[in-house]
Amino acid sequence: MMTNASDPVWNHINLNELRHIMDPTADQAIEEVYRSKSFDQLRTQLQNMAENDDHAKADMPPALHSFLQNELKQTFTAEDIAQFELAREIWKENASLFIFSLFFRSLPYTYAAEKPANVLRLTKLLELHPDRRIFETAQFIFDVMDRDWWMPEKRGILTALKIRLMHAAMRYNLLNNPEGEPWNKEAWGMPISQEDLIATNQVFSLEFLKGMEIMDQPLSEPQKQAWYYTWKKIGSIMGVQKDLLCETYQEAWDLQHTVYNHLFTDDILTWHCLV
């Protein structure tokens, strides 16, 4: 695509270009399934995956099985696990505050950005199934905050990977559905783009840290870093490209504010500065 000097840039990454990058690995797996199955069949397949932990090991299309098995081969270091365990302790002590911050601070940011919010509008996920949307988000959090969530037989990593595949299925349907309003690539970029993925991932970490400060329950520096680190690893599992995963939460805030400046209107930016 054409770029110019006025395009928003973070760490040499052009955010307008980032809006046109999706998740090639997951998208390819879903596309292969669509070549051999109808949409209704694939929707049933993904629903079964979401509801059945063993489905990743059961009869499924080869492309999905290969994708999951390859992703489940990744390993985690002793440092990773130490950070995960500290994050779990934070969760155990502050779960109710996190849920409060998530639904009244974090998620509203994702809904307020017009370009990515078109996914929710066109799929009618919030309009027709708000209760299911809330439940699925809450269940995802409980799964990735469970003990040893990163182990290949645990719900946490499987849930993260299943959501990643569902995102890919949504992309495919939005880009290839001949009925209804077409996806406007020129105006919105691609659905569930890399910019959307990193911004959404970081509201689960950064906006929680901010929310805890507002509620006069600030975390310590080691706690902040462990919480951010854990969600960064979850983001990687869910398809966020590596050059968007920052070393520290301070650096991540710089990226997040750059994205906010790119996607939000002036009124929303003003509100963000106040809170």
Seminar exercise, completed: Taking the dipole of the chain about the Cα centre (Lys, Arg +1; Asp, Glu -1; charges at Cβ), the one of Thr137, Val119, Phe67 that reaches farthest to the positive side is Phe67
For this session: Using a 10 Å Cβ count of at most 14 others and DSSP loop calls, identify the longest part of the chain lacking such trypsin sites (Lys or Arg not before Pro).
Result: 148-275
Seminar exercise, completed: Taking GluC sites (Glu not before Pro) as exposed when in a DSSP loop with at most 16 other Cβ atoms inside 10 Å, the chain has its longest clean stretch at 1-152
Seminar exercise, completed: Length gained if Asp216 through Asn11 is fully extended, taking 0.36 nm per residue and subtracting the Cα-Cα distance, is 70.6 nm
Problem set entry | Axial C-alpha extent at least 30 Å, average Kyte-Doolittle at least -0.5 - helices from the chain (DSSP) | 78-101, 155-176
For this session: Tally up the carbon and sulfur contribution to the accessible surface of the chain as a whole percent, 1.4 Å probe, everything protein left in place.
Result: 52
Problem set entry | Answer label for log10 I(q)/I(0) by the Debye sum over Cα atoms at q = 0.07, 0.11 Å⁻¹ (calculated), chosen among [x] -0.25, -0.63; [y] -0.30, -0.73; [z] -0.45, -0.82 | [x]
Exercise. Based on Cβ point charges of +1 for Lys and Arg and -1 for Asp and Glu, what charge dipole magnitude is obtained for the chain about its Cα centre, in debye rounded to the nearest 20?
Worked result: 460
For this session: Among the aspartates and glutamates, select those whose C-alpha is under 19 Å from the C-alpha of Lys224, and discard any that sit fewer than 8 residues away in the same chain.
Result: Glu79, Asp80, Glu85, Glu89, Glu93, Asp146, Glu207, Glu213, Asp216, Glu247, Glu251, Asp254
Exercise. So what's the back-of-envelope 222 nm ellipticity for the chain, counting only DSSP H runs of four-plus at -39500 (n - 2.57) apiece and dividing by all residues, rounded to 500?
Worked result: -20500 deg cm²/dmol
Exercise. Roughly how big is the stretch 80-197's charge dipole about its Cα centre, with Cβ charges of +1 (Lys, Arg) and -1 (Asp, Glu), in debye to the nearest 20?
Worked result: 160
Problem set entry | Of Ala117, Ala82, Ala160, the one that fluctuates the most in a GNM where the chain has Cα springs shorter than 10 Å | Ala82
Problem set entry | Restricting the stretch 59-123 to chymotrypsin sites (Phe, Trp or Tyr not before Pro) in coil, as DSSP defines it, with at most 14 other Cβ within 10 Å | Phe76
Exercise. Roughly how many nanometres apart are two label points built 7 Å out from the Cα toward the Cβ at Ala95 and Arg132?
Worked result: 2.5
Seminar exercise, completed: Counting only protein heavy atoms and rolling a 1.4 Å probe, one gets per residue an accessible area for the stretch 136-204 in Å² of 40
Seminar exercise, completed: Going through Lys210/Lys232; Lys115/Lys185; Lys115/Lys210; Lys185/Lys233; Lys73/Lys162 one by one, the pairs whose alpha carbons sit over 20 Å apart turn out to be Lys115/Lys210; Lys185/Lys233
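The values are calculated or read from the model by the stated rules, or taken from the named source; none is laboratory data. Given the structure is predicted, the values throughout are model-derived calculations rather than measurements. Positions of Cβ are generated from backbone atoms using ideal geometry, with glycine treated the same way; all protein chains shown enter the neighbour counts. Accessible surface is based on the protein model in full, side chains and every heavy atom, while ligands, DNA and RNA are left aside. Shrake-Rupley method; radii C 1.70, N 1.55, O 1.52, S 1.80 Å.
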